[in-house]
1. Along the Cα-to-Cβ line of V347, 7 Å from the Cα, sits a label point; which residues in the range 167-191 have backbone N less than 15 Å from it?
2. Output needed: percent of Cα pairs per 20 Å distance bin for the chain, bins running from 0 to the one holding the longest distance.
3. Counting other Cβ atoms within 10 Å, keep those with at most 14, restrict to DSSP loop, and tell me which chymotrypsin sites (Phe, Trp or Tyr not before Pro) in the range 224-300 are left.
4. Need one number: % antiparallel among DSSP beta bridges in the range 172-310, to the nearest 5.
5. Which order, highest average first, do 206-212, 376-382 follow once you tally other Cβ atoms within 10 Å for each residue and take the mean per peptide?
6. Nearest 10 degrees is fine. How inclined is helix 418-437 to the longest principal axis of the chain, computing both from alpha carbons?
7. Given 0.36 nm per residue, what is the gain on full extension from D233 to T28 after removing their alpha carbon distance, in nm?
8. Need one number: nm distance between label points at V440 and V225, each 7 Å from Cα along Cα→Cβ, rounded to one decimal.
Amino acid sequence: MKAQWMSRRDFVRLGAGAAVAGAAVKSTLLEPPELAAQATAGGRKIRFGIVGTGIRGCDLLRSARNVSTGVCVGSADLYSTRLQAGKEAYGADFDTTGDYRRLLDRKDVDAILIATSDHHHRRITLDACAAGKDVYCEKPMSHSVADGYAMVEGVAAHKRIFQAGSQRVSSVLYEKAREIYASGRLGDVHEIDAQWNRNSPGGAWVYPIPPDASPETIDWKGFLVDAPEQPFDTKKFFRWRCFRDFGSGLGGDLFVHLLSGIQVITGIHTPASRAYSTGGIYHFKDGREFPDLLKTVYDFPTENGNIHLHLHCNQANSDGDEGIKIYGSTGTMVLTGKTVTFTPQDVRPKFESYGWGGMTAAQRTKGLEEFKAAHPETLPAPGDGESFMLPQGYDDTAAHLGNFFNAIVTREHVVEDELFGHNAAIGCHMANQSFFHDGVVRWDAETKTIKA
Ligand SMILES: NC(=O)c1ccc[n+]([C@@H]2O[C@H](COP(=O)([O-])OP(=O)(O)OC[C@H]3O[C@@H](n4cnc5c(N)ncnc54)[C@H](O)[C@@H]3O)[C@@H](O)[C@H]2O)c1
């Protein structure tokens with residue numbers, strides 16, 4: 001069924017996908033608030049600069065066009081051609097520079113969006129905070145646990161608003177999932193599975209290397225910054241996600257989105273107590289350092305017992321695409337990129353003939369009589385399943401930016417603050433450390449480090 005067939009009224013879809021035989025799934029199209037109608041308190045328009053106008057930076061700028069509460073007034077990038085790419089993405093002119101510190105010098109800039117490779121996030125965030133700017137920093141927030149702590153401290157020391165860039169946490173889909181989770185309809189939850197699979201070179205970070213890429217157009221020294229000295233390498237510059245000096249592999253690219261989504265739905269706001277990863281470089285043997293298949297099992301202690309989380313990303317088979325499945329004792333919730341579905345479990349007491357199969361006929365008859373006496377009433381079948389879907393064209397990045405711009409004016413909490421982003425990034429670092437260490441790792445809250 002195509003989404004555009006649906007009216008904004010509910011419709012009922014019988015059968016397919018319902019775990020309870022004969023149960024119905026009621027499907028509702030979500031209605032997000034109109035972004036155009038949003039205004040920051042006092043109607044102030046946030047003036048922001050952006051550092052890094054590559055793939056994500058350009059996407060942020062395309063989304064920002066629809067967020068009337070902010071205006072881009074400048075950009076910085078180390079690859080000169082991308083200065084033009086950023087302006088094209090935004091569809092308007094603004095000042096550009098190769099050195100982001102020039103943006104920070106500007107008194108007319110309220111906030112900085114950071115969309116650089118992961119190894120720059122700490123330095124730019126700290127410089128921006130020291131310059132009195134509020135910060136939106138792309139995920140994964142940190143390139144290491146220590147970087148994350150330095151960023152948390154920097155934001156607090158300068159009293160800045162900080163938003164990490166896992167935009168799904170601002171999505172109306174996740175808001176609905178959080179509402180269902182908080183309602184208790186899932187019962188006891190001890191297991192979550194989530195995956196993000198792809199099957200294309202681009203999905204495995206084999207991005208194009210433009211012919212004009214050279215030491216003349218790229219500030220390689222500026223790119224290396226805190227990374228070890230190494231010769232100019234366009235593969236490392238454009239496909240940095242594959243390399244440990246600059247990126248964080250599948251952990252930082254995709255796990256962190258899943259972890260952030262799970263944090264926002266469940267309210268878990270601590271690192272996992274332990275994690276174990278396995279995987280390998282099986283398909284993309286192109287000199288990369290991070291695996292193209294990664295599976296990690298985490299334990300998250302909660303008041304109600306552990307939640308076991310299994311994350312899985314495969315870059316050579318896209319089956320399942322993006323999804324989170326939460327298993328509870330009275331229901332199951334499944335999120336895809338565009339839908340969230342709750343299906344109740346049928347937990348009505350029943351006379352379970354399987355267990356009585358090894359008894360005599362007399363025992364079975366007696367057992368059935370006792371069961372009937374203990375359960376004189378027939379309980380109603382579990383209610384319908386429920387499914388909610390995003391309208392076509394919904395842009396969670398625009399919603400996330402809108403949330404950030406508004407918080408700059410109100411100085412109230414953003415949806416994904418520095419601690420939230422830091423915890424999600426720790427999950428990515430635990431996954432990677434376990435993979436490279438080839439064993440279980442544990443979170444040591446006392447020393448704030450991952451212990452192998
Ligand atoms: N939220 C999402 O859905 C999402 C999607 C993709 C990427 N990301 C994140 O966005 C960030 C950027 O990823 P990308 O795919 O755009 O990478 P990219 O390589 O396409 O672009 C990064 C750009 O940053 C520039 N840059 C790096 N350091 C700089 C510095 N100090 N000053 C100025 N410019 C600098 C580079 O020159 C490059 O043009 C990463 O952290 C990535 O994980 C998030």
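1. The answer is 181-191.
2. All Cα pairs, binned at 20 Å, distribute as 23, 52, 20, 5, 0 percent.
3. Of the chymotrypsin sites (Phe, Trp or Tyr not before Pro), the ones in loops of the range 224-300 whose Cβ has at most 14 other Cβ atoms within 10 Å are F232, Y282.
4. 80
5. Averaged packing, sorted descending, gives the order 206-212, 376-382.
6. 80
7. 68.8 nm
8. It is 3.7 nm.
Coordinate-derived values only; no laboratory data. Since we're looking at a predicted model, the values are computed, not measured. All Cβ positions, even for glycine, are placed from backbone atoms using ideal geometry, and neighbour counts span all protein chains on display.
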